[in-house]
Amino acid sequence: MQELSPIRAPDTIPYEPRREAILQALAEACFDDEFYLLFQPQLSNRGHRLLTVEVLLRWRSPRLGLVNVSEFIPLAEQTGTVYRITRWVICRALRQLGYWQQQGIYMRMTINISMRDLEESQLYEQVCAETAANWLEPEYIGLEITETAPLRYSQKVARNIFDFQRAGYELVLDDYGAGFATLNTLRTLQVDTLKIDKSLVQQLEFEKINQLMVSSSIKLAHRLGLSVVAEGVESEFVCQWLTKLKCDFLQGFYISPPLAADELVARFFKP
Ligand code: C2E
Ligand code: CA
Ligand code: CA
Ligand code: CA
């Protein structure tokens, strides 16, 4: 199934009213009716049999239509309400993962959380509680951390990260090579996996500089003992190029778009 393209604000609507409209609709949103999750598979380069899927949130507002995540998540981060959304995502995603395991369908799952969420003292407890409630093990669950602002490495953030790692959850540094996720972050945040941003990966065919940056990122990550995921794999060329360079996991439209739960099972688990 093709993903519907999000309804964008007409050009005539200035930014402020759009922002206000989104925040208003978000405050009134009934999560269970308006939000849903898609799952995008990652292909393993080393023949691991366990599939990993990234959870991607979608919001269909009765008033605004399908609103792009990259439009409302940053707003929710600014206004400090993102954790409400994250909580819902964690709850639904882990319930789905638990349901699949009960059916004998095993996969790993990564969930996007923002730096803002790591400042919530309840985050770790909530994830642990939902993991246990769904009869899951932390080894099946990863957290993709996106930096939308320069890292504020507070006590709470450090505590959350330490707790997650000790418990066996995988920590992924998301969007590496774009925005604020830099070498410095890699030094400060102790993660297990590096996820190279699609802005570097998509243009690999044509940009020599991107090839150099991606290949040296893969080498650096491996020397640090981290595994590497590349997102935004859109062509066979890029797929083969990354495979040759021993990038551990590949994700992108060339492999599969984000899928609804049923579609994912139909495509990847039915004989
Ligand atoms: P991201 O974590 O970097 O996720 C990858 C984005 O790239 C997704 O967009 C995905 O649909 C898209 N994508 C996947 N493969 C390809 C490809 O081959 N080519 C191209 N051009 N794009 C591809 P999406 O779902 O719109 O999400 C955008 C961003 O919103 C995500 O970027 C993530 O930072 C954030 N996000 C999504 N779901 C959640 C969530 O549940 N919680 C939080 N906090 N953030 C989320
Ligand atoms: Ca991500
Ligand atoms: Ca991201
Ligand atoms: Ca990205």
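The values are calculated or read from the model by the stated rules, or taken from the named source; none is laboratory data. Just so we're clear, the structure is a prediction, and the values are computed from it rather than from any experiment. Positions of Cβ are generated from backbone atoms using ideal geometry, with glycine treated the same way; all protein chains shown enter the neighbour counts. Side chains are part of the model used for accessible areas, which takes the heavy atoms of the whole protein and leaves out ligands, DNA and RNA. Shrake-Rupley method; radii C 1.70, N 1.55, O 1.52, S 1.80 Å.
Can you find a residue that is surrounded by fewer than 16 Cβ atoms within 10 Å (Cβ to Cβ) and not acidic (Asp, Glu) anywhere in region 224-232? Show your work before the answer.
Pass one, region 224-232, residues surrounded by fewer than 16 Cβ atoms within 10 Å (Cβ to Cβ): 224-225.
From what is left, the residues that are not acidic (Asp, Glu) are 224-225.
Scanning region 224-232, I find at least one residue that is surrounded by fewer than 16 Cβ atoms within 10 Å (Cβ to Cβ) and not acidic (Asp, Glu), so the answer is yes.
Which of the following residues is surrounded by 22 or more Cβ atoms within 10 Å (Cβ to Cβ) and either more than 9 Å from ligand 1 (Cβ to nearest atom) or acidic (Asp, Glu) (or both): VAL127, VAL82?
Values: VAL82 fails: either more than 9 Å from ligand 1 (Cβ to nearest atom) or acidic (Asp, Glu) (or both).
Only one candidate passes the filter, namely VAL127.
In the set SER70, SER121, which member is under 15 Å from the mean Cα position of the chain (by Cα) and surrounded by fewer than 14 Cβ atoms within 10 Å (Cβ to Cβ)? Walk me through how you get there before you give the answer.
Numbers: SER121 fails: under 15 Å from the mean Cα position of the chain (by Cα).
Of SER70, SER121, the one residue that is under 15 Å from the mean Cα position of the chain (by Cα) and surrounded by fewer than 14 Cβ atoms within 10 Å (Cβ to Cβ) is SER70.
State all residues of region 203-217 that are crowded, with 20+ Cβ neighbours inside 10 Å and within 21 Å of the chain's Cα centre (by Cα); if no residue qualifies, say none.
Taking region 203-217 first, the residues crowded, with 20+ Cβ neighbours inside 10 Å are 204, 214, 217.
Residues satisfying the conditions are VAL214, SER217.
If we keep just the residues of region 108-118 that are in contact with a Phe, Trp or Tyr (Cβ under 8 Å, 6 or more places away or on another chain) and open to solvent by 10 Å² or more (accessible area, probe 1.4 Å), which is farthest from ligand 4 (Cβ to nearest atom)? Lay out the reasoning, then the answer.
Just the residues of region 108-118 that are in contact with a Phe, Trp or Tyr (Cβ under 8 Å, 6 or more places away or on another chain), to begin with: 108-109, 116-117.
If we keep only those that are open to solvent by 10 Å² or more (accessible area, probe 1.4 Å) too, we end up with 108, 116.
Working: ARG108: 19, ARG116: 17 Å.
Within region 108-118, the match that is farthest from ligand 4 (Cβ to nearest atom) is ARG108.
Of all residues in region 47-61 being touching a helix residue (DSSP H, G or I) at 6+ places or on another chain (Cβ under 9 Å) and at pLDDT 95 or above, which is nearest to GLU16 (Cα to Cα)? Talk me through it step by step, then tell me what you get.
First pass over region 47-61, keeping only residues touching a helix residue (DSSP H, G or I) at 6+ places or on another chain (Cβ under 9 Å): 50-51, 53, 55-61.
Applying the additional criterion that residues be at pLDDT 95 or above yields 53, 55-61.
Details: VAL53: 35, VAL55: 30, LEU56: 26, LEU57: 24, ARG58: 22, TRP59: 20, ARG60: 20, SER61: 18 Å.
Top of the filtered list is SER61.
Of the numbered conditions (1) over 29 Å from GLU236 (Cβ atoms); (2) within 16 Å of ligand 4 (Cβ to nearest atom); (3) charged (D, E, K, R), ARG187 satisfies every one except a single condition; which is it?
Tallying (1) over 29 Å from GLU236 (Cβ atoms); (2) within 16 Å of ligand 4 (Cβ to nearest atom); (3) charged (D, E, K, R), ARG187 fails exactly one: (2).
When PHE268 is evaluated against the numbered criteria (1) of a type in the set (A, V, I, L, M, F, W, C); (2) at pLDDT 95 or above; (3) in contact with a strand residue (DSSP E or B) (Cβ under 9 Å, 6 or more places away or on another chain), which criterion, by number, is the only one it fails?
That leaves (2) as the condition not met.
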